[in-house]
Amino acid sequence: MSWYSLCKSKKVDLKPEFFDTIHNINKEHWNDILKGSNIYLSTEYLEALETSLKGQVEFRYILFYNKSSKPVALASVQILDFSNEGFKTNDVYCKVASRIKNKLLETLDVKMMVCGNVFACGENGFMYTNDLSAEDAYNNLSNGLYELRQTQKTDKPISVVLLKEFWPSSFKTSDLLKSAGFKDFKVDVNMILHIHPTWKTMDDYLASMTTKFRTKAKSVYKKSAELIVKDFSVDDILHYKSEIENLYGSVVEKADFKFGILNGDAFVNFKKNHQGHFIFKAYFLKEKLVGFSSSFISNNSFDANYVGLDYEYNYTHATYQRMLYDFVELSISNNLKELRLGRTAEEIKSCIGAEPMDMKLYLRHRNSISNKLLAPIIATITPSEFELRYPFKAEFTPTV
């Protein structure tokens with residue numbers, strides 16, 4: 001049975017409308033669905049991302065309307081080259097590609113369509129209102145993605161559709177995608193630090209640690225003592241835009257797999273459009289900018305995002321580790337419930353108390369026969385192994 005016949009096997013009531021740029025969507029309709037609940041789906045964020053990555057990543061958007069012409073669902077989509085150049089071992093897309101190349105694709109010179117945000121972890125690709133049941137919502141999403149793929153006049157075929165990344169609380173509903181032939185799998189965990197309600201200050205947090213890890217933290221603060229940390233405004237980001245791009249570029253260059261490089265204007269627009277919800281920290285050694293971190297505050301969570309580093313000073317001054325502790329302090333001072341640190345560097349993040357959380361993705365090949373072969377292939381995709389550290393005292397357990 002084809003993808004389309006699978007999708008059409010259930011009643012479909014929604015009409016999808018497709019857009020090639022966020023500037024063309026009906027923002028009032030989009031916001032009626034979003035209701036400010038996800039920064040990564042806000043038009044302000046998407047405009048900044050789209051503008052920064054113009055020519056590197058293709059963006060598509062879908063608005064779904066019911067029979068009364070009421071907007072009831074939205075989807076954000078990115079179209080990326082699916083090539084075998086420069087894959088990074090622990091990257092989700094590398095893992096997908098390395099398993100299916102030479103098995104399902106004659107060439108990897110094709111494209112992947114991603115419903116979600118490849119630059120941020122989490123459920124940032126699809127949202128629907130209470131007017132829809134989960135079954136109707138995901139059935140229509142599947143249909144919409146199918147129709148969108150069919151309409152694309154790209155230089156390379158779109159062979160793979162990926163939906164990313166769902167939290168465990170959503171697995172029951174997101175698994176409805178399986179009825180449309182999507183295969184589910186898990187990749188590297190998202191490292192999450194649950195902020196304990198007794199942590200009112202950084203001293204409270206450090207006091208909850210065992211002597212060994214409290215000593216480690218003090219060592220980081222000692223090594224980074226010369227660093228001057230500043231909150232950057234829009235004007236500050238503009239002033240140091242060139243240095244910021246160089247620092248961010250040095251981090252991206254160490255990742256063998258990259259989809260696109262944000263320019264300084266993206267950070268300017270993030271700050272301009274989101275103000276207090278977007279935090280940009282700059283790390284100076286005397287007068288020299290040697291690092292930066294950026295993060296979003298949304299829905300009682302602190303979401304660590306992009307960083308830039310001058311690696312010449314990272315080891316001697318523990319810049320990145322200092323950033324991690326600063327993320328903890330910001331989460332506590334803003335009375336948030338959790339700190340989301342994303343994938344990669346799992347062991348060092350567990351040293352500050354972050355715990356692994358499984359994320360689920362869904363994949364479908366455009367060809368139904370090839371799609372059947374996906375299940376045993378993606379079953380071999382497993383999270384990277386790492387040694388999980390337990391920094392807190394035995395009697396202390398962080399809770400949501």
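The values are calculated or read from the model by the stated rules, or taken from the named source; none is laboratory data. Everything numeric here is computed off the predicted structure, so don't read it as measured data. Note that each Cβ is placed from the backbone with ideal geometry, even for glycine, and that neighbours are counted across all protein chains shown.
General remarks:
- Verdict on Asp184 being in a strand (DSSP E or B), crowded, with 17+ Cβ neighbours inside 10 Å and under 24 Å from the mean Cα position of the chain (by Cα): yes
- Test for Ala225: is it aliphatic (A, V, I, L, M) and more than 26 Å from the chain's Cα centre (by Cα): yes
- So Asn84, is it of a type in the set (S, T, N, Q), at positive phi and modelled with pLDDT under 55: no
- In the set (1) modelled with pLDDT of 50 or more; (2) under 29 Å from Asn139 (Cβ atoms), the condition left unmet by Asp109 is number (2).
- Pair list, Cβ under 7 Å, 6 or more apart: the stretch 388-399 residue among the hydroxyl-bearing types (Ser, Thr, Tyr), other residue modelled with pLDDT of 60 or more and in a loop (DSSP other than H, G, I, E, B): Thr399/His196
- Residues of the stretch 344-385 satisfying the condition of being at pLDDT 65 or above, crowded, with 18+ Cβ neighbours inside 10 Å and either over 18 Å from the mean Cα position of the chain (by Cα) or not in a strand (DSSP E or B) (or both): Glu346, Lys349, Ser350, Cys351, Ile352, Gly353, Ala354, Met359, Arg364, His365, Arg366
- Per the listing His317, His277, the residue uniquely surrounded by 20 or more Cβ atoms within 10 Å (Cβ to Cβ) and either more than 23 Å from Ser219 (Cβ to Cβ) or not polar (S, T, N, Q) (or both) is His317.
- In the stretch 25-51, the residue that is farthest from Ser301 (Cα to Cα) out of those that are of a type in the set (Ser, Thr, Tyr) and assigned to a helix (DSSP H, G or I) is Thr51.
- Matching residues in the stretch 346-355 - criterion: being among the aliphatic types (A, V, I, L, M) and either in contact (Cβ under 8 Å) with a residue 40 or more places away in the chain or not assigned by TED's automatic domain parsing to the domain that holds Met209 (or both): Ile352, Ala354
- In the stretch 195-204 there is no residue matching the filter, namely being within 20 Å of the chain's Cα centre (by Cα) and crowded, with 22+ Cβ neighbours inside 10 Å.
- Only listed residue being more than 30 Å from Val307 (Cα to Cα) and within 22 Å of the chain's Cα centre (by Cα), chosen from Ser179, Ser142, Ser170: Ser142
- Of residues in the stretch 114-137 being among the polar types (S, T, N, Q) and within 14 Å of Gly342 (Cα to Cα), the one modelled with the highest pLDDT: Asn124
- Out of Asp136, Asp131, one residue alone is touching a residue at least 24 places away in the same chain (Cβ under 8 Å) and not in a loop (DSSP other than H, G, I, E, B). It is Asp136.
- The condition of being without any contact (Cβ under 8 Å) to a residue 60 or more places away in the chain, closer than 14 Å to Gly308 by Cβ and of a type in the set (Ser, Thr, Tyr) holds for only one of Ser250, Ser233, Ser293, that being Ser293.
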